[in-house]
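Engineer: A single structure is presented below for examination.
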Amino acid sequence: LPERMSRLRAAFSLDGNERDTQRLTEADSAVQILTIHKAKGLEAAVVFVTGGFKQPSEDLRIYHRDGKRYAHIQSPDPSVRPLTEIEALSESQRLGYVAVTRARHRLYLPLCGKGVQDRSLQGPLQDRLAQLIQGPAGDNLFVEVTAAPSLSTATSTSGEAETPSVTDLAAWRPALPSEAPRWSEPEFDRLRRDHAALTVTSYTQLTRHQFFPTDVGDEELSEDVELPAAALPGGREVGIFLHELLERLDYSQALAASSADELFEDTSTSRLFLHFAHRHGVASEYWPEVRSILYAGLRTPIDQPALQLPRGLAPLEKLARESEFLFPVESQTYPGDAKSHLGPTFVQGVIDLLFQHEGRFFVADWKSDRRSDWSRQSLEEHVAEHYALQARLYAIAAGRMLEIHSEEEYEARFGGVIYCFLRGMDPAVPNHGIHFERPSWATFRGWSDFSDLEKLLGNRAS
């Protein structure tokens with residue numbers, strides 16, 4: 001049943017998950033590979049239509065009756081089957097119409113002959129192509145064909161050149177070379193690099209020396225800290241739980257509250273908390289500590305030379321939560337042997353909090369790491385060891401968002417990067433659990449060169 005319900009959701013949401021779908025700009029000359037659904041409303045000079053040879057799944061049928069839309073799981077009964085057949089054929093025809101109307105100048109369709117399933121997208125198209133070719137209209141159908149060299153010299157019995165038949169062309173195969181070309185290993189490396197596809201990576205994948213996309217989230221870093229039995233446990237799930245709440249909490253409620261208990265007395269805030277606590281399986285015995293952590297995360301005073309927030313982050317009004325970014329890695333220097341397999345590479349990620357204060361923009365990142373020492377020096381060493389690359393990526397991303405190109409623009413617009421270690425923050429102690437850094441303009445400008453990536457990674461994956 002869960003598998004069928006997934007198919008049901010997919011049927012009602014044709015767009016699917018677009019998180020990893022990146023629209024390329026200024027790529028008019030590139031070949032675009034799209035589903036027919038994605039191609040709606042778009043046109044191209046030349047279009048090739050392929051696929052669509054299978055008919056819809058038998059496990060899930062969609063149909064309309066009395067003006068309502070229904071989904072039938074498993075094989076439909078005889079009274080419903082005619083409706084599902086009509087619906088499937090209509091959907092194939094609609095998709096076929098979209099497919100054949102995307103070309104401005106030239107359209108290429110496969111000619112498959114018999115054996116195509118009727119309710120597939122290609123079913124109606126192949127039926128119509130067969131009529132055009134075999135019927136009276138076939139005499140007026142112009143087909144441009146480039147003959148294979150071995151067939152182009154064919155002649156008729158009268159001695160005149162003869163156009164190869166469709167059967168001849170279908171049976172033609174290119175002649176194999178007598179000896180395969182010998183390529184050196186460096187030449188293979190060059191070909192791999194020159195013809196490699198775009199690669200989208202992230203901070204987590206870079207730190208693990210994974211240069212191809214995987215569904216991996218940020219993980220909490222923890223020392224071997226001896227915690228009380230009742231203390232909130234660590235783990236990725238708890239980190240996600242805290243992030244999701246901070247993404248949705250009303251900052252004005254935190255600003256008005258004088259304590260964590262008062263903040264969560266609010267009905268909407270309490271309901272939000274309970275929803276995510278149950279979703280992530282956080283036991284009620286940990287709820288008081290979680291509430292204190294969240295309140296401290298928004299109310300710990302920040303007192304830095306470039307940023308003074310005596311009431312913490314709660315008073316902020318100009319902010320953006322969960323800001324996605326994508327930018328190219330300009331250097332082609334990569335650790336180990338990865339350089340031989342990578343093409344143009346993009347880094348993607350999400351900034352937890354991007355906010356503006358006194359004209360400058362700051363990047364803030366929530367961390368749920370467990371530590372025994374929250375002193376300034378200890379946090380500086382911890383960030384330098386584990387998060388130097390991440391801070392760099394976030395600063396570059398913010399600089400690109402703000403279109404910073406000069407030192408003057410940098411000084412005026414960029415404030416710095418803040419790491420908020422939630423378990424160490426304390427509303428009564430300014431800067432407790434907070435690490436702040438603002439690189440010089442010279443450092444910031446040089447960060448886009450990734451030639452020192454090997455050093456940053458520290459060979460931790462080896």
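Engineer: Does at least one position in the stretch 400-423 carry a residue that is in contact with a Ser or Thr (Cβ under 6 Å, 6 or more places away or on another chain), modelled with pLDDT under 90 and in a helix (DSSP H, G or I)?
Structural biologist: no
Engineer: Also, I was wondering about something else. Just need a number here: residues in the stretch 313-329 that are of a type outside the set (S, T, N, Q) and under 20 Å from the mean Cα position of the chain (by Cα).
Structural biologist: Total satisfying the criteria: 9.
Yes/no per residue for (1) on the phi > 0 side of the Ramachandran plot; (2) assigned to a strand (DSSP E or B); (3) buried (at least 19 other Cβ atoms within 10 Å of the Cβ):
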position: ASP352; (1), (2), (3): no, yes, yes
position: PHE362; (1), (2), (3): no, yes, yes
position: SER372; (1), (2), (3): no, no, no
position: LEU379; (1), (2), (3): no, no, yes
position: GLU385; (1), (2), (3): no, no, no
position: GLN390; (1), (2), (3): no, no, yes
position: TYR394; (1), (2), (3): no, no, yes
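Engineer: Hey, among the residues in the stretch 80-134 that are more than 28 Å from LYS68 (Cβ to Cβ) and among the charged types (D, E, K, R), which one's modelled with the highest pLDDT?
Structural biologist: Taking the candidates together, the pick is ARG102.
Engineer: Filtering the stretch 371-394 down to residues that are without any contact (Cβ under 8 Å) to a residue 24 or more places away in the chain and more than 31 Å from the chain's Cα centre (by Cα), which residue is farthest from GLY416 (Cα to Cα)?
Structural biologist: It comes out as ASP373.
Engineer: Same structure, new question: If the Cβ limit is 6 Å and pairs must be 6+ apart or interchain, which residue in the stretch 316-333 that is over 17 Å from GLN253 (Cα atoms) and surrounded by fewer than 17 Cβ atoms within 10 Å (Cβ to Cβ) pairs with which residue that is basic (Lys, Arg) and at pLDDT 75 or above?
Structural biologist: PHE327/ARG400
Engineer: Does SER252 fit the bill of being more than 24 Å from the chain's Cα centre (by Cα), over 22 Å from PHE355 (Cα atoms) and either modelled with pLDDT of 90 or more or among the basic types (Lys, Arg) (or both)?
Structural biologist: no
Conditions tested, residue by residue: (1) modelled with pLDDT under 75; (2) charged (D, E, K, R).
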| residue | (1), (2) |
| --- | --- |
| LEU8 | yes, no |
| ARG19 | yes, yes |
| LYS54 | yes, yes |
| GLU58 | yes, yes |
| ARG65 | no, yes |
| ARG69 | no, yes |
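Engineer: A further question on this structure: Examine the stretch 367-380 for a residue that is among the polar types (S, T, N, Q), in contact with a strand residue (DSSP E or B) (Cβ under 8 Å, 6 or more places away or on another chain) and modelled with pLDDT under 90, and state whether such a residue exists.
Structural biologist: no
The values are calculated or read from the model by the stated rules, or taken from the named source; none is laboratory data. On a predicted model such as this, the values are computed, not experimentally measured, just so you know. Quick reminder, even Gly has a Cβ in these numbers, built from the backbone with ideal geometry, and neighbours come from all protein chains shown.
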